[in-house]
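Worksheet: the structure to be examined is printed underneath.
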Amino acid sequence: MQLWKLAGDQSHAYTRFFTGNLETLGARPAAAGVDVHAAVVAFHREHYSANRMKLVLMGRDSLDALQAMAERTFADVPNKGARAIGQPVEPLWLLHALA
């Protein structure tokens with residue numbers, strides 16, 4: 001994952017996502033007065049919106065069956081009308097997967 005981030009376009013948001021541990025997600029933020037859980041909840045509340053999401057669904061079922069499954073599964077995702085966030089390029093791993 002780190003190699004993909006290093007090799008990818010550094011202006012893309014994907015390169016800024018990291019993994020963490022108890023030190024980086026617990027001790028350090030707590031020492032700086034940051035409540036990581038509250039920050040994640042606030043981020044989710046602001047940015048988790050159906051109008052920002054895309055879905056790709058593949059399967060052997062008919063198109064009607066797949067559509068019905070998608071509607072059942074994702075109908076409750078709220079559309080908060082959140083402002084779109086544009087990305088200049090796709091992540092490197094996605095380009096390789098599509099090639």
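Just so it is clear, none of the values below were taken in a lab; they were calculated from the coordinates. Note that the structure is predicted; figures quoted are calculated from it, not measured. Cβ coordinates were reconstructed from backbone atoms using ideal geometry, including for glycine residues, and neighbour counts include every protein chain displayed.
Please give me, ordered by residue number, the chymotrypsin sites (Phe, Trp or Tyr not before Pro) of region 1-81 that lie in loop per DSSP and have at most 13 other Cβ atoms within 10 Å.
Phe17, Phe18, Tyr48
Need one number for region 5-92: average projected area of the convex hull over its C-alpha atoms, nm².
Across all orientations, region 5-92 yields a mean hull projection of 8.7 nm².
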